[in-house]
1. Restricting to DSSP H runs of at least four residues, report the calculated mean residue ellipticity at 222 nm for chain B, -39500 (n - 2.57) per run over all residues, nearest 500 deg cm²/dmol.
2. Just to be sure I understand the curve: with the Debye formula and one point per C-alpha of the range B:47-119, what is log10 I(q)/I(0) at q = 0.11, 0.27 Å⁻¹?
3. Not counting the cut sites, what is the longest span of chain A without GluC sites (Glu not before Pro) that DSSP labels loop and that have at most 10 other Cβ atoms within 10 Å?
4. Two decimals, Cα atoms only, Kirkwood Rh: what is Rg/Rh over the protein assembly as shown?
5. Under 13 Å between alpha carbons, and skipping anything fewer than 8 positions from B:Lys258 in its own chain: which aspartates and glutamates qualify?
6. May I ask which residue of B:Phe42, B:Tyr289, B:Leu392 lies farthest towards the positive end of the charge dipole of chain B, with charges of +1 (Lys, Arg) and -1 (Asp, Glu) on Cβ and the Cα centre as origin?
7. If you look at just the Cα atoms of chain A, how large are its Rg and its Dmax in Å?
8. Projected onto the charge dipole of the protein assembly as shown (+1 at Lys/Arg Cβ, -1 at Asp/Glu Cβ, origin at the Cα centre), which of B:Thr600, A:Pro296, B:Ile785 gives the Cα projection farthest towards the positive end?
Amino acid sequence: MAPSYNAKEEDGHQPGATGHGGAGTMTNKKPDNTAFKQQRLPAWQPILTAGTVLPAFFVIGLIFIPIGFILIVYGLTLLIDYTGVDMSSPCYNCSQSYSWNNTQSCTCSVHFSLDQPFESNVFMYYGLSNFYQNHRRYVKSRDDSQLNGDKTSLQYHICTLNRCSKECEPYRSSDKPIAPCGAIANSLFNDTLELYYIDPNGSRTAIPLVKKGIAWWTDKHVKFRNPSGNNNLTVVFQGTSKPVNWRKPVFELDPLDSDNNGFINEDFIVWMRTAALPTFRKLYCIIQKKPNNMTPTLPRGEYILEVTYNYPVRSFDGRKRMILSTISWMGGKNPFLGIAYITVGSVCFCLGLVLLSIHYRYGKRNNSAEISS
Amino acid sequence: SRKVDSRTIYVGHRPCPTTEALIPPKFCDNRIVSSKYTVWNFLPKNLFEQFRRIANFYFLIIFLVQVIVDTPTSPVTSGLPLFFVITVTAIKQGYEDWLRHKADNEVNKYLVTVLEDGRRARKESEKIKVGDVVEVVEDETFPCDLILLQSSREDETCFVTTASLDGESNHKTHYTVPDTEKNLESLSATIECEQPQPDLYKFVTVFSRCVVFFRSLGPENLLLKGATLKNTQKIYGVAVYSGMETKMALNYQGKSQKRSAVEKSINAFLLVYLCILVSKALVCTTLKYVWQSRPGQDEPWYNQKTQKEKDTNLYLKMFTDFLSFMVLFNFIIPVSMYVTVEMQKFLGSFFISWDKDFFDPEIQEGALVNTSDLNEELGQVEYVFTDKTGTLTQNNMEFIECCIDGFQYKYADSGTELDGFCVTDGPVSMLQQKAGREKEELFLRALCLCHTVQVKEATGQGDGVGDGMIHPADLRGFIASSPDEVALVKGAMKYGFKFLGMESKNMRVMNRNNDVETYELLHVLNFDPVRRRMSVIVRTKSGDTMLFCKGADSSIFPRVRQEEVDRIRMHVERNATEGYRTLCVAYKLLSSEEYDQADTGLREAKLALQDREEKLMAVYNQVETGMSLIGATAVEDRLQEEAAETMEALQGAGMKVWVLTGDKMETAKSTCYACRLFQRSTELLELTVRTLHSWAKSKPVSAFSVPPRSWSSANQDYGFIIDGATLSLVLNSSPDSNSSCYKSLFLQICQNCTTVLCCRMAPLQKAQIVKMVKNSKGSPITLSIGDGANDVSMILEAHVGIGIKGREGRQAVRNSDYAIPKLKHLKKLLLGHGHLYYVRIAHLVQYFFYKNLCFILPQFLYQFFCGYSQQPLYDAAYLTMYNICFTSMPILANSLLEQHICMEVLMDNAALYRDVAKNAMLRWGPFLYWTLLGVYQGLLFFFGVRFLFSNPALQDNGQVFGNWSYGTIVFTVLVFTVTLKLAMDTRHWTWINHFVIWGSLAFYMFFSFFWGGIICLTVKCAWLYKSFIYTTGQKF
């Protein structure tokens, strides 16, 4: 019925007769035969085979599981809550009798014992909880140009002309501009912690606490700078007032080390780096290892933590802690990291085993078959 | 009182002395304005246009909220991308408008010659007024719509090509107003014509010389603006329509916007994400006030509020908090997605026009992309509506055989004998017999006379080769509107009768004895698709008046004597089943009374101002009766290259192919068989006028209630055939309750058939069918492909319109979304490009939503840990640059270059097309998968880092990390995960993919190094840090 057509048959068409439509506009519009334009760029097409996938799984498993174990096992942490919520706790009295105007500081001592010696450098942190350092109003309540040593933000008449940061409100100025201004600086942690080792014979030995090197290098050397011009900080900060909650002005923060005063005080810098979560810790000091390296930094035994209790946290149901920790190359002890490594490693390893058995049973039948089709 | 639907024009602004004083009518000037903007209104108008887009408006609102309300992120974060998008779009549109201005000026400032009070004056084209007499010389374009008054040619005609209007480059003849006086200066006349209307081929006018002299004018007297004068030295014409009222300007209108199904999916997803956004903001606002109500939380001693904050009204505070949360989370719906999608579409469409497989050496052209919005729709086609002539077939007509008086004549050898007939097997076993010589010659004369073919003159210099029909033998070209006519004239030439051309109303024919016969052409009864026939009335030398008529068998047979029909019908039907186009030829000797009657009828009808068409039709039908049938012709129309393979591939890809043709059923059916649309095993269901008649005879029931057949036999292929007349019964039946029932029943039957053939369709019916399928249940994606003006309606109607750069002008190409040179290219366009584009854009869209969900989810979760204070987790720079710089390039490159399966495999395995059918990759299932993936990863990022920060001493020096470091760690993990996810999805790694994926990761590291230095996490790089740090503001 249907006649057979030969599609390739010459259609007897005159090539000269086809070029209508204006000979002048006729250009050769033949597309370029380049690999890009023809979508024929040489391409690597990854194909997953048993040969590549299985070793990858095993390698990941074999690397991750040991790392996880090391992270879990290695490192020591000790945590002591000295808030004084319970009647029985030594700092209960101090926590009750709180007032910013107290000139008399309240001290309390907390006894604790170490079951294991802490080797190498030991880091001492103070921890706060339920303290929202990451609240937006709090985070932005600072004046970075002031902290970087910009003198104009210290001068009263300029500040009143609204030239200095408004973000510091309501901690911007009292009668004079406040230095350092803002809520962060105003709420600087001001408890003093001291650590004593109690020898078996009963005598107390003060453990040296080093305050150097607790702040970030960049913070100390780049972001925070004292106003230049005069080495005498008292002169520089003339005409400013201390933050409302502070007992001492900013240039007297560290009575022992004159280079650690003003905006570059390391405790101050550490505090100014706002924490990410409402429960946080900040580096207080470093207990350096003994030079002879024969005895541990903190040997096993009894200790006393002497707290000068200044910082009120009960009003917002907060907690204060002292934390001793050793540090590995991956940072402080963090059980989560170890567990995560072990989990990922073992999942990969198990998957590898499952796939290997599948490959062993079915892969032989057609050798060329790929695991993922 | 004058009718409002016509206008009166005074030629040369001279009123008739007899009529009332001239009231100069107001017409618009001859200025063409295609530009949208002026210098003054560009900014407001363009901005208004741009912000009418929902997405832009949304981003504007977000931006304004950021400006007005104290929000956590600065207005720059959303303002900058928005500004970028708006500016780029404005520049693009401004440039396009500048080009339009330039083109307008070129047209408007063009100098033309106008006759004013007997003097020739040069004027700018825009100053022409309606009624001016304009002079146009050869090769100039007409400055406005003119009525031809005078031509330099002796026969009062001029030639015109309308290539720029409808793309037809053949010469068309136009006539001067008959019998006007030659002196244009003293001519005073009025022209009464219709109000401007866009139809190029419709024009009804009466020309009157001061009441005493009336002539009717038609489109053959009207010279359209934009057309070019050819082969004529000079003409004079009077302007009737000017400026924006010309037919060209009225036809110039933007095509309606087609939107792809993908865009609809995107909008649906956007809505989901908007809901997520609003609910996130609501949850946070509510929890914030719940949290604050606990004592000591809202305002602890270390974090006092300012006086202003304390004074603010609680409800106002709640509202601004809600807005702040909205702003904080608004990155979930990114501006950049719109930009990326647009860019992907725009750049991606180049691959179609660059494809050298689409290049046709014959016409020296490749594929043409008129819109880039529909690239992905090419991968979603479910129904293909194809034209037959010129699309499935080549529209390259060749005279195959004829049948005279029941005897078959097949042309065998060219010009061996003077009467080069070679008689093959006659139908009724009348071997070696011929019809009488008289009949033969009558038939051939009919072929030579009954047409509207022009002979191309040798002076034409090849600038208007017409449809390329140059006969190789004697370099004589024929120009005709339809290639069939040329084939017939050339067929007659093979048998010794040569049409020599027209000489002032005389047709000259050279007969077998090389004598020239002349016939006076009295009337042409034009072809139209409703009558499906055309006739001429000629007067021979001897004074006889004859009517020759040729047309489709169905329109001729009822008008001739029945006994003649039986002899010829067999031939016609056999030819039709072989796939030839058949025409029947009849004639009639008109007595002088008959002629006079016809003549007056025709003249009256031609003069009519109203319903001219209908009146003409009535006269035509009256004249074309009682003819006697002489014979039939068979013309072959070859199949396009690889038509069958293409159709097979389309069907293999799960598309349903419907053939919509104006041709007759038998011809169309055989084409379908040849294209393998119908297989031998296909069971054909016919619903045509013929079957309706036979059913009506057997039992008087509705055709639709007839065969309660079992559709269950799953393996059986069905083909369905319906013709135009029956279709109009189905679609336009009386508006009773049954009509919609018929329609849905019809649709149901059609959708169960693999192939549907609709024959004898009017152009509008084609569009009707497309519309019906388009709006049917499940709204399938339709594609129309055609090459001629009669396909334009269905090309515009379908989701995707494809034009073939064929022989029937360029109208289809201009109205199409994509144009390809040959039908065979459709296979690669759909199965290759379409499939890839769909997969690419679907992946692009899903990936974009995914990456923004897992970007913003940690920010949402962080609110639970910062007292719902709208503290952003990420730094502002990261928020802004995440979508612009860090993650945009890899996905753009991937969405342009990805070939999850390479092109050759896609083309070889048509069934792969079914994998992505019905929007498979953008349905709720995949969307849910991507969303869950985004949620899962967002949770993992946030809580992973949250637990990591249970001891924030992450360095070996014991120093702790703060909140910005927290965000930066989350962000770093996020950027790496999101980019590596894309890397894992990439199946086709070219060097560009490598460059962009690893490059953007490297860029991120580099940037962070400057910005935050978090990269120094594990590396001791303080010395590097130190050197960079002084130049950049530090936050971390």
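1. On the way: 32 runs with 417 residues, N = 1036.
Taken over chain B, the calculation gives -13000 deg cm²/dmol.
2. -0.48, -1.16
3. Details: sites that count: A:Glu9, A:Glu10.
Result for the longest clean stretch: A:11-373.
4. Values: Rg = 44.6 Å, Rh = 39.4 Å.
My calculation of the ratio gives 1.13.
5. B:Asp373, B:Glu376, B:Glu377, B:Glu797, B:Asp817
6. B:Tyr289
7. Over chain A's Cα set, Rg and Dmax evaluate to 34.8, 118 Å.
8. A:Pro296
The values are calculated or read from the model by the stated rules, or taken from the named source; none is laboratory data. Everything quoted here is computed from the prediction, not taken from an experiment. Note that each Cβ is placed from the backbone with ideal geometry, even for glycine, and that neighbours are counted across all protein chains shown. For the accessible areas, the whole protein counts, side chains as well, though only heavy atoms, and no ligand, DNA or RNA atoms are used. Shrake-Rupley method; radii C 1.70, N 1.55, O 1.52, S 1.80 Å.
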